[in-house]
Structures are given as C-alpha cells and as structure tokens.
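Coordinate-derived values only; no laboratory data. Being a predicted model, the structure only gives us computed values, none of them experimental. Note: ideal-geometry Cβ built from the backbone for every residue, glycine included; neighbour counts use all protein chains shown.
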Amino acid sequence: MRVAVITASDAGFKGEREDLSGQEIIRIVEEFGYKNVSYQILPDEQESLEVAMKKLADEKIADLILTTGGTGFSNRDCTPEATRKIIQRETPGIPEAMRSFSMQFTKRAMLSRAAAGIRNNTLIVNLPGSPKAVTECLEYIITEIDHGLEILLGEANNCAR
C-alpha cells in the first residue's frame, strides 16, 4: 500500500520547527509494510491542504493519505475542513475510535476535530499533531485501516477476520 504524509504546520512549513509527527507517521507505516510515496509540510491553509490531498487521490499517487496537525481549536487549524470538503464519503468511525482510545490517556482527546473519508480509491485520515498522540492513534488503528484499504481497493478476501 502506498501512503502519503501531509503535515499541516505554519512553523514547520517555515522551517522554524522540526516535524517529528510526520516522521513518526512514516516510521510506523513503513514498519507495517507500507511504502511512503510522498511527504509534505504545508502551512495551515485550507486551500493548500485541499489541493495537495486532491492531487494525491485524483492522480492515484497514494492509497492512504495521513495528515498530522491542524485538528485543534486554533483559528489556523483547518485540516478537518479541508478533508471534509474534498472527500466523497465520510468514514466517521476512524476518528471516533481514535478519540475514544485517546481518552484513556487524556481527557483533552475530546477536543480533537479530526475527520476521515474516501476520495475515489484513497482513504484520508487526520491524525493529531503531537508525536505521542500520533503514535498512540496510528498504532491503534493501523490494522483496521489496512483491512479497510484492502476492501476499498478490491483486494480483501471473503474470510471473516
């Protein structure tokens, strides 16, 4: 499976902060056998995020797009809005599962506005912005994401898991 990683961060885009969360996503997905085909750090600008995600999905560059950052309450946080605007079908169970799991570690997980959905044959999932939360959430959902991608791409067998 091909994965693209997009970090939404004004400071990261300007080179003022190292992107530890995006690097953590790449580490985890490669550990699970995914091929990282794209990595971008973009500013917290809805149009930039929309254009990048559309290109990755519409040009069939990635089967899975994982974003990090931009899911909080800051006025600049717009990743869920960008995601919702370009997806064709929502997959609300994914962010619901991440929030539920993260509540074991911090009640602040309820403040996440993360979204997820499908555009064409590409799954897009918004992950949190902190490296610790990225690790917790992505490791929690990755096997189910893998199965969902197999179904989406028509590669799943008919056996119940």
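Within the stretch 88-111, identify whether any single residue is touching a Gly at 6+ places or on another chain (Cβ under 6 Å) and closer than 17 Å to Val3 by Cα, and answer yes or no. No, the stretch 88-111 contains no residue that is touching a Gly at 6+ places or on another chain (Cβ under 6 Å) and closer than 17 Å to Val3 by Cα. Taken over the stretch 1-60, the criterion of being touching a Pro at 6+ places or on another chain (Cβ under 9 Å), touching a residue at least 40 places away in the same chain (Cβ under 8 Å) and not in a helix (DSSP H, G or I) is satisfied by Ala8, Ser9. Identify, please: which residue in the stretch 61-102 is aliphatic (A, V, I, L, M) and in a helix (DSSP H, G or I) and is, among those, surrounded by the most Cβ atoms within 10 Å (Cβ to Cβ)? This residue is Ala82. Before we move on, is Glu31 out of contact with any Phe, Trp or Tyr (no Cβ under 8 Å at 6 or more places or on another chain) and either of a type in the set (A, V, I, L, M) or surrounded by fewer than 14 Cβ atoms within 10 Å (Cβ to Cβ) (or both)? For Glu31, the condition - out of contact with any Phe, Trp or Tyr (no Cβ under 8 Å at 6 or more places or on another chain) and either of a type in the set (A, V, I, L, M) or surrounded by fewer than 14 Cβ atoms within 10 Å (Cβ to Cβ) (or both) - is met. With respect to the conditions (1) touching a helix residue (DSSP H, G or I) at 6+ places or on another chain (Cβ under 8 Å); (2) of a type in the set (Val, Ile, Thr); (3) surrounded by fewer than 13 Cβ atoms within 10 Å (Cβ to Cβ), Thr143 falls short on a single one, namely (1). Scanning the stretch 103-141 for residues that are closer than 21 Å to Phe32 by Cα and either in a helix (DSSP H, G or I) or without any contact (Cβ under 8 Å) to a residue 12 or more places away in the chain (or both) yields Pro131, Lys132, Ala133, Val134, Thr135, Glu136, Cys137, Leu138, Glu139, Tyr140, Ile141.
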